[in-house]
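There's a structure below that I have some questions on.
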Amino acid sequence: MEGAEKELERRSKFLNSLIEKKKKAVEQKQQHDRMNVRVRASDMPLSLQNHAFMTARNILDSMPTSSKLDSKRLALSLKKEFDSTYGPAWHCIVGTSFGSYVTHSLGGFLYFSIDKLNSDICSLQLQVAIIGQIYQFSYADI
């Protein structure tokens, strides 16, 4: 009987861990929806992703809505934030249309889009790539 109780407890813990993972995934999705973020590709840990999203959202919200979007300012701010928090060698590409091919360090890649409201009618979807230590890089404007 003792073996059956241990097995039941083991299964219960496993199911509880699955429920917790699902709750975290739902919370993550809701947070992304609130910030108008869409992950396109990533191998970056969630904590770093969230830091990138919050930083990008804060920078975009601080920019005047009437002025033209300053992609260079956003890229520089994200790069400086990641360099100061996680060490040097981060790279950031920001724009509405770009292509790139990179070989990077494991756990150091995030490609996402975030909406920037330019006016009451117009919404601009901005694409951002944050890349840790790059081994090979090619870039092309589209």
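Only residues that are of a type in the set (A, V, I, L, M) and open to solvent by less than 50 Å² (accessible area, probe 1.4 Å): list them for the range 17-47, please.
Residues satisfying the conditions are MET35, VAL37, ALA41, MET44.
Follow-up. I'm checking my understanding of the structure. Among residues of the range 93-134 that are modelled with pLDDT of 60 or more and among the hydroxyl-bearing types (Ser, Thr, Tyr), which one is least open to solvent (accessible area, probe 1.4 Å)?
The residue in question is SER113.
Name the pairs whose Cβ atoms lie under 6 Å apart, with the first residue in the range 84-112 and among the polar types (S, T, N, Q), the second crowded, with 17+ Cβ neighbours inside 10 Å and modelled with pLDDT under 85, and 6 or more positions between them or separate chains?
Note: pairs meeting the criteria are SER105/GLY132.
Scan the helices (runs of 4 or more DSSP H) fully inside the range 1-120 and keep the ones with 2 or more residues being under 20 Å from ILE131 (Cβ atoms) and out of contact with any Pro (no Cβ under 7 Å at 6 or more places or on another chain). Walk me through it before giving the result.
Values: elements: 2-35, 46-62, 71-86.
Per the criteria, 46-62, 71-86.
The values are calculated or read from the model by the stated rules, or taken from the named source; none is laboratory data. Quick caveat: nothing in here was measured; it's all calculated off a predicted structure. All Cβ positions, glycine included, derive from the backbone under ideal geometry; neighbour counts span all protein chains shown. Accessible surface areas use protein heavy atoms only, side chains included; no ligands, DNA or RNA. Shrake-Rupley method; radii C 1.70, N 1.55, O 1.52, S 1.80 Å.
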